[in-house]
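Peer 1: Sharing a structure, written as C-alpha cells. Questions coming.
The values are calculated or read from the model by the stated rules, or taken from the named source; none is laboratory data. In this text the structure is predicted, and so the values were computed from the model without any measurement. For neighbour counting, all protein chains shown are included, and Cβ atoms are generated from backbone atoms with ideal geometry for every residue, glycine included. Ligands, DNA and RNA are excluded from the accessible area calculation, which covers all protein heavy atoms including side chains. Shrake-Rupley method; radii C 1.70, N 1.55, O 1.52, S 1.80 Å.
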Amino acid sequence: YQNSYIGQKRGRDDGDTAVDEKKALITMLMDLGNKLPGAPETQQALDASAIEDALKLCKREISSKNDAITELLLDCAVELSPKMPIYALLIGLINVEEPHWCGDLIDTAASMLASCLSSALPADHDRARLLLRLLCCLSAANVLQSSGCMALLEAMVASASAAMSSEAPHRHLWQPWSDWMVYCVVAALPWAGSEMSAACPSEMARLSEAVDAYLEKRPVSFSQELKPFRAEIKEGDMAVRNDSGGASYLSELWAAVKECATADWHVESIPQLLNEEQTGSQYSSRLAMGQTHAVPNVPVPQSPSGLPSSGPEEPHPLQVAAAVQQAYPPHGGIRLLEPQHTDGGRPAIDRFVAEDYIIDTLAAFDADRTQCVKRLVSSLMLPYNYTNLLSEVLFGQMLALPKPRLPSMAYCTVIVDLCRLPRLALPKPLSGCVRECFVRVPVMDPELRGRLLTWLSYHLSNLENKWPWERWVRYVDEPEDNPYRQFCKELVARLVRLSWWDRVMQVLPPEFQRLLGPMPMVPLLPGQEDPMQMQMQMLQQQQQQQQQQQQQQQKSAESQALSTAPAEEGTQQQQGGEQGTEKMDAEGDGTGPSEGDKQGEGG
C-alpha cells in the first residue's frame, strides 16, 4: 500500500483537492505509533488521539461493508511487526462494538496461518511466525481465549517433538523444520506471556516442560557446518561460538525467555499498551467489555513442506537435508561486537526482540529502499539507542551462512544510505564490525571473505574511497601468501573494477600503490593491431600533414614577397621623380620662396 499509488495518478494535477478516504485510512494506520513531534530520539510515545481517530475510521469502513479493512489491518500487523501491539489494541477496541466483524478477522487470520504453515516458501514461514504472534497479542487484548492460544502452541511443540523421537526415520534431516516450529512458539511468548500465564498457569508450565524436553531430545545443539570462523584468535572469543543462527539460536532464545518469565515478563523493547500508568488511558477496562472469541482450529503439519517427491526410488538423504535447509534457513546472524556495546546491560530477551524488528523490517521493505531506511531509523519502537546493535545485525545478516536471506546488494545499499544520515552515527560501530572481521580473515570462511570484499569495495566506491588505509599499511610488505596482504590486494583490485585505475591511484597512499599493479591493458585478438600503435601512427600522420601545410604556406608567402618587391621599387622611383619635377616647377614659376625672401623673413 504505497502512498504514491493510492488516490490520484502520479504526475497529474487536475486541481481536485478532495481527500481520498482510503488513502487517509492507510496513512493513518501506517503512522500509528510513530514518534511525536519534539519527542526525544530514545522515547516512543503513543498518541491516544491517533488511536481514537483510527478507531473511528475503521468503524466507518466496517459499517459501509468494506471487506478490504480486514486484509489491511492484518497486513499492517504483519508487515509493520514492531507496531503489532498497537494493531492488536485497535482490533480489541473494535471488538467491543463490532464482535461479528472481529470474529471474521480471526477466522481469516487462522486460515492464513494454516496456509503459511503448510507452505514451502521461507517468506510464508516468516508470515506464519508473525501471525502466530498476532494471535497471542489478541489474547492479551481480550479478543481470543488464552486457553485456545496455549493449546495451539502446545500442538506445534508436540508436532516438533514427534518428529525428533528416536523412531522417526528422518530425525536428523528434519531438525531445521522442528526447530523452526518451536522457535515460532518461543518467540511469541514475550508478547503475551504475562496475560497467558495469569489466565492459564498450568498450561504455561506444561508448555515450558515440553520445550525443555524437545531441546534435550533433538540430536544437534550446535551447527558446526555454519560456523563463520574456524578457530579463536584470542582466549574466550565470542565470535567463534556463533553458528549463524543455527541450532544454538533456539537454546539461547529459550534461556532468554525463561529469564524474562522470572522478571514478570517485562520487556523494555515491547510497547506495554495495557499498562494504564504508561499509556494514561483506560484501555484495560474498555477491552474487558468486548467479547472473547474461541481460537479457530488450525491444522498443525506433522512433517516439513517442500520435500523432494519420491519416485520409484526414495530420495537421497542429502537431497532431503538440502530441501529442508533451504525451506527453513537459520534465523539469527553473527555476533561481532562485545555485549556491552550492543546490549547495554539490558536482559537478553531485548536483544532478540530488537533483532526480530530489524530482520522483519528488512524483509517487509526490501522493494523500497527509502522506506526501509526510514523504518529502520524511526519506526522500530525501541526506547533506547540501538545504533551499535543495528550495525551488528546488518553485518551479521549479510555474512550469514549458508546464504543471506536477501541479496547481498540489498544490505550494501541500505548500509550506504544509513551511513549518510549524520544523526545516526553508524560509521563508527560499522568500522568496529569491519575491524573484528579483518582480524579474523585467516580463519574466516572463504564464502564470507568474498562477501566482505564485495561489500567493502562497493561501500568505499560510494563514499569517495575514504578509508583509514594507514592501519593496514604494515601488511603490504608481508609475503604473497599472507591472508591479510591477499585481502588488501583483492580489495584494491575490486576498487579498480568499480572505478578506474587513475582514480584509485590518486586515493591510495604510496605504500598501497604497490598492490595496484600496472595500468590494465586490453589484450589484442589474433591478427588485431595494437590500438595504441594505430593511434600513434595517426598522430604522426597528422603531424606530417601539418608540417607540409606549414611549408607550403611559407613557400607561398615567400613567392608573394618576391613578386611584389620590384613593383614597389618602381613605384618608389616614380614617386621620387614626380616630387623632383614638382620642386623644379615651383622654383621656375616663382611660386616658391626665393633666397632673398628667406633672408628677409629671417631678418
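Here is a yes/no grid of residues against (1) touching a Ser or Thr at 6+ places or on another chain (Cβ under 7 Å); (2) open to solvent by less than 50 Å² (accessible area, probe 1.4 Å); (3) without any contact (Cβ under 8 Å) to a residue 40 or more places away in the chain:
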{"residue": "PRO329", "(1), (2), (3)": "no, no, no"}
{"residue": "ASP360", "(1), (2), (3)": "yes, yes, no"}
{"residue": "LEU376", "(1), (2), (3)": "yes, yes, no"}
{"residue": "PHE395", "(1), (2), (3)": "no, yes, no"}
{"residue": "TYR411", "(1), (2), (3)": "no, yes, no"}
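Peer 1: From the list GLU252, GLU216, GLU259, GLU209, pick out the single residue that is open to solvent by 40 Å² or more (accessible area, probe 1.4 Å) and within 28 Å of the chain's Cα centre (by Cα). Give the steps one after another, and end with the answer.
Peer 2: Numbers: GLU216 fails: within 28 Å of the chain's Cα centre (by Cα); GLU259 fails: within 28 Å of the chain's Cα centre (by Cα); GLU209 fails: within 28 Å of the chain's Cα centre (by Cα).
So the residue among GLU252, GLU216, GLU259, GLU209 that is open to solvent by 40 Å² or more (accessible area, probe 1.4 Å) and within 28 Å of the chain's Cα centre (by Cα) is GLU252.
Peer 1: What helices (runs of 4 or more DSSP H) lie completely within the range 24-143 and have 2 or more residues being polar (S, T, N, Q) and within 26 Å of MET181 (Cα to Cα)? Can you show your working first?
Peer 2: Working: elements: 48-63, 68-79, 84-97, 99-117, 122-140.
Passing ranges, in order: 99-117.
Peer 1: Might you let me know whether the range 443-462 holds any residue that is among the β-branched types (Val, Ile, Thr) and open to solvent by 40 Å² or more (accessible area, probe 1.4 Å)?
Peer 2: yes
Peer 1: When the range 268-292 is examined, which residues are found to be modelled with pLDDT of 55 or more, open to solvent by 60 Å² or more (accessible area, probe 1.4 Å) and farther than 16 Å from SER139 by Cβ?
Peer 2: Answer for the range 268-292, where residues must be modelled with pLDDT of 55 or more, open to solvent by 60 Å² or more (accessible area, probe 1.4 Å) and farther than 16 Å from SER139 by Cβ: GLU268, ASN275, GLN282, ARG286, MET289.
Peer 1: Consider ALA151 carefully, then state whether it is open to solvent by 30 Å² or more (accessible area, probe 1.4 Å) and out of contact with any Lys or Arg (no Cβ under 8 Å at 6 or more places or on another chain).
Peer 2: On the way: open to solvent by 30 Å² or more (accessible area, probe 1.4 Å): yes; out of contact with any Lys or Arg (no Cβ under 8 Å at 6 or more places or on another chain): yes.
It is true that ALA151 is open to solvent by 30 Å² or more (accessible area, probe 1.4 Å) and out of contact with any Lys or Arg (no Cβ under 8 Å at 6 or more places or on another chain).
Peer 1: If you scan the range 414-435, which residues turn out to be open to solvent by less than 30 Å² (accessible area, probe 1.4 Å) and under 14 Å from the mean Cα position of the chain (by Cα)? Quick ask: steps written out before the conclusion?
Peer 2: Pass one, the range 414-435, residues open to solvent by less than 30 Å² (accessible area, probe 1.4 Å): 414-416, 418-419, 424, 426, 429-430, 432-434.
Across the range 414-435, the qualifying residues are VAL414, ILE415, VAL416, LEU418, CYS419, LEU426, LEU430.
Peer 1: Is there any pair linking a residue in the range 475-487 that is more than 20 Å from PRO510 (Cβ to Cβ) to one that is in a loop (DSSP other than H, G, I, E, B), with Cβ under 8 Å and at least six apart or on different chains, and which?
Peer 2: GLN486/GLU480
Peer 1: Follow-up question, since we're still on this one. Are any of the residues in the range 344-351 under 15 Å from the mean Cα position of the chain (by Cα) and either closer than 30 Å to ILE91 by Cα or loosely packed, with under 15 Cβ neighbours inside 10 Å (or both)?
Peer 2: At the first step, the residues of the range 344-351 found to be under 15 Å from the mean Cα position of the chain (by Cα) are none.
No, there is no match, as no residue in the range 344-351 is under 15 Å from the mean Cα position of the chain (by Cα) and either closer than 30 Å to ILE91 by Cα or loosely packed, with under 15 Cβ neighbours inside 10 Å (or both).
Peer 1: If you go through the range 469-524, how many residues are more than 27 Å from the chain's Cα centre (by Cα) and outside any helix (DSSP H, G or I)?
Peer 2: So the count comes out to 20.
Peer 1: Among (1) open to solvent by 20 Å² or more (accessible area, probe 1.4 Å); (2) part of a helix (DSSP H, G or I); (3) under 26 Å from ASP126 (Cβ atoms), where does ARG171 come up short?
Peer 2: Just one mismatch for ARG171, condition (2).
Peer 1: Look at SER563 and say whether it is among the hydroxyl-bearing types (Ser, Thr, Tyr) and open to solvent by less than 70 Å² (accessible area, probe 1.4 Å). Talk me through it step by step, then tell me what you get.
Peer 2: On the way: among the hydroxyl-bearing types (Ser, Thr, Tyr): yes; open to solvent by less than 70 Å² (accessible area, probe 1.4 Å): no.
When the stated conditions are applied, SER563 does not pass them.
Peer 1: Condition test on VAL295, is it surrounded by 13 or more Cβ atoms within 10 Å (Cβ to Cβ), within 30 Å of ALA110 (Cα to Cα), touching a Cys at 6+ places or on another chain (Cβ under 9 Å) and of a type in the set (A, V, I, L, M)? Don't jump to the end; show me each part of the working.
Peer 2: Values: surrounded by 13 or more Cβ atoms within 10 Å (Cβ to Cβ): yes; within 30 Å of ALA110 (Cα to Cα): yes; touching a Cys at 6+ places or on another chain (Cβ under 9 Å): yes; of a type in the set (A, V, I, L, M): yes.
In short, yes.
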